[in-house]
Structures are given as C-alpha cells and as structure tokens.
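Since the structure comes first, as structure tokens, the remarks are kept for the end.
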Amino acid sequence: MSSNAHWEELVVGGSKMAVFIDEPLDGEPHPAIVVAHHRAGNDAATTKFVQDLAGYGYVAAAPNLHHRRPEGEDTRESLTQLDDSQILTDLNATVSLLSNFASVDPKRLGIAGHCMGGRVSFLGAASITAIKCNVVYYGGNMFKTWGNAKQTPFEKLESLRGPVIGFFGDDDENPSPEDVAKIEDRLTELDVEHEFHSYPGCGHAFQNFTNPQAYRAPATSDSFTKMIEWLSKNL
C-alpha cells in the first residue's frame, strides 16, 4: 500500500513539537494510531514502526515527547524531565491533529508504545476518551509518577477504555515478569479485555533493531503479526 511519510509541527505549550506521520494514500478513511516513542525519541526504530503501520492500512503519528528539552540533549536526561500532565497535553494535540485528517476515521483511534512509550500508551488510553485500544511493548515504570502527577499509570488502569495487547520479554527487568503479572492481575480484576504475550530469551527492547544486543528478530516478527491481527479485530 502506497503511503505518505512526512513531518508536521505543532505548537504545544509554546514549544514546537515535531510529529512523524505516515498515512495510506488510497483516499479512504482509515483507523489511526498514536505512537509513543521509546527513550531515544523518533529515531529509525520509531519511524519505521510508524511506516510499517501505514503499510497495513493505519494512519500513524509519533509526537516528539522530548520537545520541551534542549535540542541535542542526552535522552537519558530528557527522560528524567518528563511530566505526565505535559505528556497528556502532547497526546491530546496529536489526537486532534489526526482527527482532522481526511484519511482518518476519528472513531477508530488507538495508541501504541515501546519502552517508556508503553507506559505512555497506558497513560493515554486511561485518560483520553477518543482512544479505543492500547498496544504495549515492554512498558516500564508503571508504578511511578512523572512530574507532578498524582497517580501512576498502574493506579489509572481502572479508567482504561477498551482492550489491551501487551508484549514482554521474560528476561526484562523493567517491566520484570513480576511487574507484568501484577499488571495482568489488575486488568483481570478490573475486567479489562487484554492479551499478554511474553517471549523467552528476550529482554527489554527486543523489537529495537537499532540495538543489536537487545534485538530478537523472531519475537519482533511474531509480535508484529499478532499486533496486526489484534488491531484488525479491535480498531
């Protein structure tokens, strides 16, 4: 499917936020997915994920959640400065942007994220009514607040709207298998439809092909296939 990968710029809270977008070019309205990037931001791994989604018929958009920080700053430092309320402002701005695209069916909107983005996707799915489902790749720090937030993403799970699919590595430490079990138990308790998959021999960032030590091709392929099948049923 031909697509149109491009950058757009939004002004959010007086700061310029770059958004990487790809969309199918067949002229039809499509489901859309907000993509929450990992610590490294909208690098090759994130932009390829956006483009891969577009290739399967989804309009995808990844906002730069580090846009309030100095350009060129080490993203390890940028990560420590993130604030949940500002993240939600960024996600809402991205949702509004997508909702105005002729290529988007605004009633079919989901969110997906890797690493810190998996945490962000839970946060967005629990806070933004337009988001109907949530794809989580090894989202860590679920039990911590960022910035001035009053509740952790884990505490906000009771506000989730729609189903969740999650992919995790058995060798990961954040989230650890114990963390994953705690999240899954809470979703079960809340009667939230969910589907979790854990991969032996995989640690954190197993889908990140820019990190040769962490990357696991079989788990990447299997998880992507499962995600596309799940999205086709839930979005």
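The values are calculated or read from the model by the stated rules, or taken from the named source; none is laboratory data. It should be emphasised that the depicted structure is a prediction, and the values quoted were computed from it without experimental measurement. No Cβ is skipped: glycine too gets one built from the backbone with ideal geometry, and neighbour counts run over all protein chains shown. We work out accessible area using only protein heavy atoms, side chains counted, and drop any ligands, DNA or RNA first. Shrake-Rupley method; radii C 1.70, N 1.55, O 1.52, S 1.80 Å.
Miscellaneous remarks
- Ser99 accessible area, 1.4 Å probe, all protein chains in place, Å² to nearest 10: 50
- Length gained on full extension, Thr89 to Ala5: 27.9 nm, using 0.36 nm per residue less the C-alpha separation.
- Signed unit charges on C-beta, dipole axis of region 53-103, positive-most listed residue Asn92, Leu53, His66: Leu53
- Answer label, with Cα Rg over 2.2 N^0.38 Å calculated from the coordinates and candidates (1) 0.93; (2) 1.08; (3) 1.32: (1)
- Cα centroid of region 88-120 to Cα centroid of region 206-235, whole Å: 20
- Trp7 contributes about 130 Å² of solvent-accessible surface, heavy atoms of the protein only, 1.4 Å probe.
- Placing unit charges on the Cβ atoms only, positive for Lys and Arg and negative for Asp and Glu, gives the chain a dipole magnitude near 380 debye about its Cα centre.
- Computed FRET value (nearest 0.05) for Thr145 with Lys182, which takes r as the C-beta separation and R₀ as 22 Å: 0.85
- Heavy-atom accessible surface of region 132-202: percent carbon and sulfur, 1.4 Å: 40
- Counted residue by residue at 0.36 nm each, then reduced by the alpha carbon distance between them, the extension gain from Thr75 to Asp170 reaches 31.6 nm.
- Per residue accessible area in Å² of the chain, where ligands, DNA and RNA are left out and the probe is 1.4 Å: 44
- With the highest mean first, a sort of the peptides 113-122, 63-72 on other beta-carbon atoms found within 10 angstrom per residue produces 113-122, 63-72.
- FRET efficiency for the Phe101 to Glu158 pair, using the beta carbon distance and R₀ = 41 Å, is estimated at 0.85.
- At full extension, Glu28 and Asn211 could sit 62.3 nm farther apart than now, given 0.36 nm per residue minus the alpha carbon distance.
- For the chain, calculated [θ]222 nm from helices alone, where every DSSP H run of n ≥ 4 adds -39500 (n - 2.57): -10500 deg cm²/dmol
- Per-peptide average of other Cβ atoms within 10 Å, ordering 101-108, 48-55, 14-21 highest first: 48-55, 14-21, 101-108
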